[in-house]
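**Q** I have a structure I would like to understand better, so I am pasting it below and will then ask my questions one at a time.
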Amino acid sequence: MTGPLFIGLDAGTSLIKAAIFDLSGRQFHEAWSRTRIARPHPGWSELDPDEAWQAALGVLKRLVDESGVDSPEIAGIGLTGAMVGAWVVDEAGNALRPGITWEDSRTQALIDERLAADPGLMSRIFASSGSMMQQGCTLPLLEWLVRNEPQVLARARHVMSYKDFLRMKLTGLAATDRSEASVVPGSARERTRSDAMIALFDLEAVAHLLPQVRDSETFMGGLLPAVAQATGLPAGLPVTIGAGDVAATIIGVGGFATGEATALLGTTCMVGVCHDHPVFEPADVGLLFSLPGDRWYRAMVNVAGTLNLDWAFAALAPDIAARPDRFEMMTAMIGEVPPGADGLVYLPYLSESGIIAPVVDQRARAQFYGLSPRHQRPALFRAVLEGVAFAMCDLFDALEYSGERVLMSGGGAQNPTWVQMIADASGLEVHVPDGTQFGARGAALLAATAAGHFASVAEASASVADRGGATYDPRADSDPRIAHALSRYREARDRLLHPL
């Protein structure tokens, strides 16, 4: 094993993961730890900051202890994590309240109040950020804190995202990156925060709580001595600004080239295309991410992805939900049911915040359509998997994507049966690259770029593109049941969504 090596630390909503990579993107070892989401009130989604921080320290320590890598071979740490939300800290980086995650919807009443006074509010936000604002974005959450927890903000020094909280704990320094700043909401054209957006939420008096914005592919500070002692890594080890999880995954999967389509089938289901300029069409739907290195990712999102399968195991198959072979058992189970799930349709709108593509509908909720006594557990599971696949077709349609291939990553991409369903439903060739921790790899590549080993983020991402993996060709033309099932899905969808 030859250096230099880089660690990518990826702070997801329910998992903190870390892995070690070399300059070719080869992964040597990974470690992870689960974190618990608290929902103390309807629509709330929070993480315990102390639990999250201890999980991050534990993951880094296990990575060092178990990998066999000599810590001096590690040349830097790259960061990524779940975007937006609100983590409120004091001058020392100590959290003053639970961290609020991206899926929190407590601000809906506040947003409704503003919409009643200004019906064009969401369109104005979209015209700046290129994204339909979700309830868990930082600026509406900050307004909620101003209104409901002023005593907390009076003690606060910073309000930041999850990965930025972890960086402050690692280095003692506060900052954020352009991918975060442009979606809080901010300005996609300027790739940073927007004074106009801050004013829109009457936040001028607390704008100083939002940390400085810097480029993702730069180092800012090094590991504090106490952190180094707790993890076994060298004190002063450089830590990057990093990027949000979407941006890091696009880099790590090798999807940074202009025109490349990428699908992320994780807790959230997202499809998008990389561009060399900001794309605001179609208007008032979907998201626009400012990637490092002057790229933009125009995306459509079904807010719930593998969350639907997690729910199905917990609600429909608690007897196998904890088994290590549950996915193999599920695959065998759905093999008993033909494509189309015997006429059963599942709409995968499981998030409490509704959906923002193919239309914006906060009231949209998951449901089965056409359920009858003949439908048993295998049919329900097939319907869930097909429902997510069909929802992805909606997302490609909203993007007006005319290409023939999509790169896919995320936990769902590890299930060949599910990936084949998506290829069949979409008519696209689906390529799943080798590897699992693409967000962490993207973060590590940002660290390698910061260290001068790549001339640009584009070069770093290109170095891992098209390097093995599995390709799934569509089979829809050979099985008319797939087209019929998609038609039934769209009939159910049109009955539910408002408007379409």
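What follows draws every value from the coordinates through simple rules; no lab data is involved. In this text, all values refer to a predicted model and were calculated from it rather than measured experimentally. Every residue, glycine among them, receives a Cβ derived from its backbone with ideal geometry; neighbour counts consider all protein chains shown.
**Q** In whole angstrom, note down how far apart the Cα centers of segment 387-403 and segment 125-193 are.
**A** 30
**Q** In deg cm²/dmol and to the nearest 500, what is the mean residue ellipticity at 222 nm of the chain if only DSSP H runs of at least 4 residues count, each as -39500 (n - 2.57), divided by the residue total?
**A** Helix contribution divided over all residues of the chain: -10500 deg cm²/dmol.
**Q** Sort Ser216, Ser426 so the one with the fewest other Cβ atoms within 10 Å of its own Cβ comes first.
**A** Numbers: Ser216 31, Ser426 23.
Sorted ascending by nearby Cβ count, the order is Ser426, Ser216.
**Q** Same structure again: Starting from the Cα of Asp276, step 7 Å along the direction of its Cβ; do the same at Ala322; then give the gap between the two resulting points in nm.
**A** Label-label distance for Asp276 and Ala322, simple model: 5.5 nm.
**Q** Name the residues of segment 92-130 whose amide N is less than 14 Å from a point 7 angstrom out from the Cα of Arg147 along the C-beta direction?
**A** So the set is 105-118.
**Q** Are there trypsin sites (Lys or Arg not before Pro) in segment 77-184 that DSSP marks as loop and that have at most 15 other Cβ atoms within 10 Å, and which are they? Write out the running numbers ahead of the final one.
**A** Values: sites: Arg106, Arg114, Arg124, Arg147, Arg155, Arg157, Lys163, Arg167, Lys169, Arg178; in loops: Arg106, Arg155, Arg157.
Answer by residue number: Arg155.
**Q** A follow-up question, please. Say each of Glu459 and Ala207 gets a label point 7 Å from the Cα, pointing the same way as Cα to Cβ; how far apart are those two points in nm?
**A** Using points 7 Å along Cα→Cβ, the separation is 3.7 nm.
**Q** Quick check for me: using +1 on Lys/Arg Cβ and -1 on Asp/Glu Cβ, what's the dipole size of segment 5-241 about its Cα centre, in debye to the nearest 20?
**A** My answer is approximately 80 debye.
**Q** What is the packing order of peptides 265-272, 225-232, taking the mean over residues of other C-beta atoms within 10 Å and listing the highest first? Don't skip to the answer; put the middle values down first.
**A** On the way: 265-272: 25.4, 225-232: 15.8.
By packing density, highest mean first, the sequence is 265-272, 225-232.
**Q** Apply 1/(1 + (r/R0)^6) to the Cβ-Cβ distance of Asp65 and Leu115, taking R0 = 41 Å, and write down the FRET efficiency to the nearest 0.05.
**A** Using R0 = 41 Å, I get an efficiency of 0.20.
**Q** Further question on the same structure: Whole angstrom only: what separates the Cα centroid of segment 455-477 from the Cα centroid of segment 61-79?
**A** 27
**Q** Quick one: dipole size for the chain, taken about the Cα centre, charges +1 on Lys/Arg Cβ and -1 on Asp/Glu Cβ, in debye to the nearest 20.
**A** Once rounded to the nearest 20, the dipole reads 660 debye.
**Q** Separate question: What per residue convex hull volume, in Å³, comes out for the chain when only alpha-carbon positions are used? Provide the component values of the computation, followed by the final result.
**A** Details: hull volume 67.2 nm³, N = 500.
That works out to 134 Å³ per residue.
**Q** Zone of Asp473 (label point 7 Å along Cα→Cβ, backbone N under 19 Å): which residues in segment 395-409?
**A** Answer for segment 395-409: 403-408.
**Q** Nearest-5 percent of antiparallel DSSP beta bridges in the chain?
**A** 75
**Q** Counting Lys and Arg as +1 and Asp and Glu as -1, what is the net charge of the other residues whose Cβ lies under 13 Å from the Cβ of Ser129?
**A** In short, +3.
**Q** Could you compute the net charge surrounding Ser402? Neighbours are other residues with a C-beta less than 15 Å from the C-beta of Ser402; K and R count +1, D and E count -1.
**A** Value of the local net charge: -4.
**Q** Please compute the modelled spin-label separation between Glu336 and Glu491, points set 7 Å along Cα→Cβ, answer in nm with one decimal.
**A** That separation, rounded to one decimal, is 2.6 nm.
**Q** Share of antiparallel DSSP beta bridges in segment 5-241, in percent to the nearest 5?
**A** Bridges in segment 5-241 that DSSP calls antiparallel: roughly 70 percent.
**Q** Given charges of +1 on the Cβ of Lys and Arg and -1 on the Cβ of Asp and Glu, with all other atoms neutral, how large is the dipole of segment 147-201 about its Cα centre, in debye to the nearest 20?
**A** It comes to approximately 120 debye.
**Q** Would you mind counting up the charge near Val464? Only other residues with Cβ under 14 Å from its Cβ, with Lys and Arg at +1 and Asp and Glu at -1. Spell out each step's value before the answer.
**A** Details: positive: Arg26, Arg441, Arg467; negative: Asp22, Glu260, Asp434, Glu459, Asp466.
With Lys, Arg at +1 and Asp, Glu at -1, the neighbours total -2.
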